[in-house]
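Written below as structure tokens is the structure these notes are about.
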Amino acid sequence: MDFTSSLYLGFVTATVLAFNAWRAPLLRQFVLLAANLVFLAGFVQSAEQLAPLLGFLVLGYAATRWVARWHRRGVLEGTVLLIIVVFAVLKRYTFLPLRMDLPFLYLQVGLSYILFRILQMVIDSAGGEDEARLAPLDFVNFTCNFLCFVSGPIQRSNEYLMNRVQLDRGVDEAVAFSAMHRVIKGYVKLAVVSAVFNYLFANLSVPVLAESTAMAGWRYTAQYAASAVTYTFYLYYNFSGYMDIVIGIGWLLGQKLPENFNRPFSAHNIFEFWSRWHMTLSDWFKTYLFNPLMRFLADRVAAPIWLPYLGVIAFFVTFFVMGVWHGSTSVFVIYGLVMGAGASLNKLWQVFMTARLGRKKYKALAESFAYATLARGLMFAFFALAVTGLWVNMDQLSLLARRLGISGLMFAFVGTALCAAVIGPAVDHAARLLVRLAPRLGRPGLSGLFAQNIVLASEVCLIFAVGSFFHKAPEFVYKAF
Amino acid sequence: MRAILKQGLFLLIALAGIYAVLLAASHLFVGAAYREGGLDSSLAANTIFMTDPKYVFLNRAALKPGMPRIVFVGASNTAVGFKQREVQALLPDAEVDNLAVGGSNMTQIAQIVDLVQELQSAAARRRTTFVIGMWYGTFVQDRFRWNTPDRRAGDTDIDIERYRYGFYRRTEHGPQQVLPAADLPLGVALIHPYLVFDQLSRRASQALRERLFGRAASRTDAERDSSVVSAKEKETALRYWREQMHSDGAIAGEQFLVLSNMIDRILSQGSKVVLVDLPIPHWHAQRSPFYQEYLGHRKVLLSELAGRDGFAYLEMMDLSDDLEFSDEVHPKPRVTRQWAARVAALITTVGDIPPESRISTGGTLIAGQP
């Protein structure tokens, strides 16, 4: 189901009305179950295409039961390994040496996010958390929640249960307005802002990736950097717009979904960036990969002097896995390596500077305007260039590498960083000014529900106007990851 | 539930109110979309429709009923080569419309013919002559021509316009009409604010697009008349068409079949057809691997069509002087009167033109002598 289609809007409207027609929690749960199943059915043409996903869910459900029953480390490790192997087979990773593809077409959308939920429940169940072992109806509604099915946010089972116990709550006028406001804001980001950046990116990147192009030298480098930057904004507005939509719909369905973005381009280092971008994914990796890995490494290294360097290794592994997770082809291995290298270099820099200046002085330096501004620019440039891995295939990547060379890549990086360092704070300043001015712009008598709805309706008009202008709404880009 | 319904209702009322204001303002300040006289898609950029596919799809409601009609369809060389006003001057007793759309292949040309016929009564169809401009570039297979990132695979530019404002809906069996053809003027009036938005956006961003994406600004007639195609431009053009055709010289029969079926449909409705083999510069015909292949297909097609009532064929390759073209396919403005005279002469022999308006020069009539 396309998120910008009238079919999706109709489906959501019907679900919201059916859900709110009842107050009884069990009935509401069945409405959600029906909606989840209809949503899933929209992706397939036959039951056979759903079978592998259902098998994966059954495996996950059984696993949460058996790891809780046999409290042994070996059982947990074996179970996690089994789930990851089954996932890798279903995901059809082309870079793995041994492939065991199922010989038919089946639904792969949502698999990655189901994996996160299942692993969380299995690991937490083994840790003795009762909230991680859900009843069958809750298990299906949690793992296949149509709001989070395609690309998150990655809800935890305890968060799901917190929503579930409040399922009999009604929606008041303030929540109804806020929810619609959030949904429309999401569509503005997705269908207007990301569509504009997608248009720019599509036009700018053609000569960059063309086999025969007359462009060369600094012009080619600048065109590549512009393509990378426009893709980065496209990705951000596309993904964060989608999040606004599902979070807003969630409010009308008694679900408080976790936030996934918090001004990521204001980050000053890669760790801060990932605590602001796809936050639930970073948080999941921190809890279920980085922390256990750090504990594992720390147990084996006695000398405290080496502890910061263990962080370098753990960050490399975590960011590498996060990068590889984004796709199933070898270009995502390169992307993972770049992300891993960036994270470990950033950590090494922090270790080096702390050792050289001391914690206090380094903190003061990091907070100084010049350092923070430059760091922000460097962070943006690193991310924009790293996500090149998401818009090229292996052949195009090698073509890019040949044409740019080390010097071209460095020029693109430094140029983008300097531009971002100048433009970022200026945009922040303008935004702050707008926030201060906004209340003064409202005329007396034009406030309240009427004015608010006029603003919302204007945004809807803009969505339709830009939608018809571009005639094809941009794909929800993270659906592919 | 009540709060949700109330909020939804407020939003709908606000939406209706804002749209009513925008509709009134756009009609008040920009004016109606249609204009009197024959249609000319080469002027689309000067109208509220801005692009030739949108102009053809939405503006066809301005086709005046009653008069004998000559409708030119084809790709950009048909639009550029047969200037509506020049042909109209030679055929004053008919209404001449040029609905050629740049980049068309035969599939899209057939769609345009269907769109015109959709609006016509049986009597009006019998008084219509379609002039179809062809050259090898109009025979690019659909799977290559209509497969770009900005569209759903297979959608032609006309399909995009059909779906853009919901006048058609997408089905498994192709586009299905939502708005009846008779209500097209009402539909266009209702989407007027969107047309204005589109126009303003395109005009405002034109300079930026030319600069950012390296798109050349359109040349004036004087510049095109004085242009000389360089050796490098010739190489680029030959390479471009090899990429477009996706082969080293072969042309699949798919689009010739589409053309043949289109002609059958037109003739079965009582309309007439003039098939024009458009000239390309001599150097292009000599060096393109596709031209000889095209001639082979053309020969087979013409042998099938020979003797059909209401069908005529016009060969124009004698106008292939290199110096009369501003690029690899488009004639210079200074020769378009000659093109117009050539086609007008033939039309008078097959079209629904009163004898006093007929001209008798040029043209190779191979079938359908009245």
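The values are calculated or read from the model by the stated rules, or taken from the named source; none is laboratory data. Everything numeric here is computed off the predicted structure, so don't read it as measured data. Here the Cβ is made from the backbone with ideal geometry for all residues, glycine too, and neighbour counts use every protein chain on show. The accessibility values were calculated without ligands, DNA or RNA, using every heavy atom of the protein model including side chains. Shrake-Rupley method; radii C 1.70, N 1.55, O 1.52, S 1.80 Å.
Of the residues that make up region A:236-246, is at least one among the aliphatic types (A, V, I, L, M) and surrounded by fewer than 23 Cβ atoms within 10 Å (Cβ to Cβ)? Looking for residues that are among the aliphatic types (A, V, I, L, M) and surrounded by fewer than 23 Cβ atoms within 10 Å (Cβ to Cβ), one finds none in region A:236-246, hence no. One residue stands out in region A:250-276 among those that are within 14 Å of chain B (Cβ to nearest Cβ) and open to solvent by less than 10 Å² (accessible area, probe 1.4 Å): the one that is farthest from A:V208 (Cα to Cα), namely A:L253. All conditions but one from (1) within 14 Å of chain A (Cβ to nearest Cβ); (2) at pLDDT below 90 apply to B:T220; the one that does not is (1). Restricted to region B:223-248, and to residues that are loosely packed, with under 11 Cβ neighbours inside 10 Å and not charged (D, E, K, R), which residue is farthest from the other protein chains (Cβ to nearest Cβ)? That would be B:V228. Scanning region A:167-201 for residues that are within 9 Å of chain B (Cβ to nearest Cβ), open to solvent by less than 40 Å² (accessible area, probe 1.4 Å) and within 19 Å of B:R151 (Cα to Cα) gives a single hit, A:L200. Criterion applied to A:L81, A:L105, A:L119 was being out of contact with any strand residue (DSSP E or B) (no Cβ under 8 Å at 6 or more places or on another chain) and within 22 Å of A:F43 (Cβ to Cβ), and the one residue passing it is A:L105. Looking across region B:28-52 at every residue that is open to solvent by 10 Å² or more (accessible area, probe 1.4 Å) and assigned to a helix (DSSP H, G or I), the one that is modelled with the highest pLDDT is identified as B:D52.
Please verify whether region A:46-57 includes one or more residues that are within 14 Å of chain B (Cβ to nearest Cβ) and either assigned to a helix (DSSP H, G or I) or without any contact (Cβ under 8 Å) to a residue 40 or more places away in the chain (or both). No, there is no match, as no residue in region A:46-57 is within 14 Å of chain B (Cβ to nearest Cβ) and either assigned to a helix (DSSP H, G or I) or without any contact (Cβ under 8 Å) to a residue 40 or more places away in the chain (or both).
In the set (1) free of Cβ contacts under 8 Å to residues at least 24 places away in the same chain; (2) part of a helix (DSSP H, G or I); (3) open to solvent by 30 Å² or more (accessible area, probe 1.4 Å), A:G336 fails one condition alone, (3). Screening the candidates B:V80, B:V56 for the property of being away from chain A (no Cβ under 14 Å), more than 26 Å from A:I463 (Cβ to Cβ), open to solvent by less than 70 Å² (accessible area, probe 1.4 Å) and out of contact with any His (no Cβ under 7 Å at 6 or more places or on another chain) yields one hit, B:V56.
Would you call A:R164 among the charged types (D, E, K, R) and either open to solvent by less than 20 Å² (accessible area, probe 1.4 Å) or under 20 Å from the mean Cα position of the chain (by Cα) (or both)? In short, no.
Condition check ((1) outside any helix (DSSP H, G or I); (2) of a type in the set (F, W, Y); (3) open to solvent by 70 Å² or more (accessible area, probe 1.4 Å); (4) in contact (Cβ under 8 Å) with a residue 12 or more places away in the chain) across all residues:
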{"residue": "A:A370", "(1), (2), (3), (4)": "no, no, yes, no"}
{"residue": "A:A381", "(1), (2), (3), (4)": "no, no, no, yes"}
{"residue": "A:A384", "(1), (2), (3), (4)": "no, no, no, yes"}
{"residue": "A:V392", "(1), (2), (3), (4)": "yes, no, no, yes"}
{"residue": "A:S398", "(1), (2), (3), (4)": "no, no, no, no"}
{"residue": "A:S407", "(1), (2), (3), (4)": "no, no, yes, no"}
{"residue": "A:F413", "(1), (2), (3), (4)": "no, yes, no, yes"}
{"residue": "A:A421", "(1), (2), (3), (4)": "no, no, no, yes"}
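May I ask you to list the residues in region B:154-183 that are closer than 16 Å to B:T107 by Cα and open to solvent by 80 Å² or more (accessible area, probe 1.4 Å)? Of everything in region B:154-183, just one residue is closer than 16 Å to B:T107 by Cα and open to solvent by 80 Å² or more (accessible area, probe 1.4 Å), namely B:H173.
If only residues of region A:447-463 that are touching a residue at least 24 places away in the same chain (Cβ under 8 Å) and more than 7 Å from chain B (Cβ to nearest Cβ) are counted, the one that is farthest from the chain's Cα centre (by Cα) is A:Q452. Residues in region A:296-305 that are part of a helix (DSSP H, G or I) and surrounded by 12 or more Cβ atoms within 10 Å (Cβ to Cβ): A:L297, A:A298. Within region A:208-217, can you find the residues that are open to solvent by 30 Å² or more (accessible area, probe 1.4 Å) and in a helix (DSSP H, G or I)? The answer is A:L209, A:G217. Condition check for B:A100 on (1) over 17 Å from B:L267 (Cα atoms); (2) surrounded by fewer than 23 Cβ atoms within 10 Å (Cβ to Cβ): one failure, at (2). Could you look through region A:1-28, keep only residues that are buried (at least 18 other Cβ atoms within 10 Å of the Cβ) and in a helix (DSSP H, G or I), and pick out the one that is nearest to the other protein chains (Cβ to nearest Cβ)? Looking at the filtered set, the residue picked out is A:N20.
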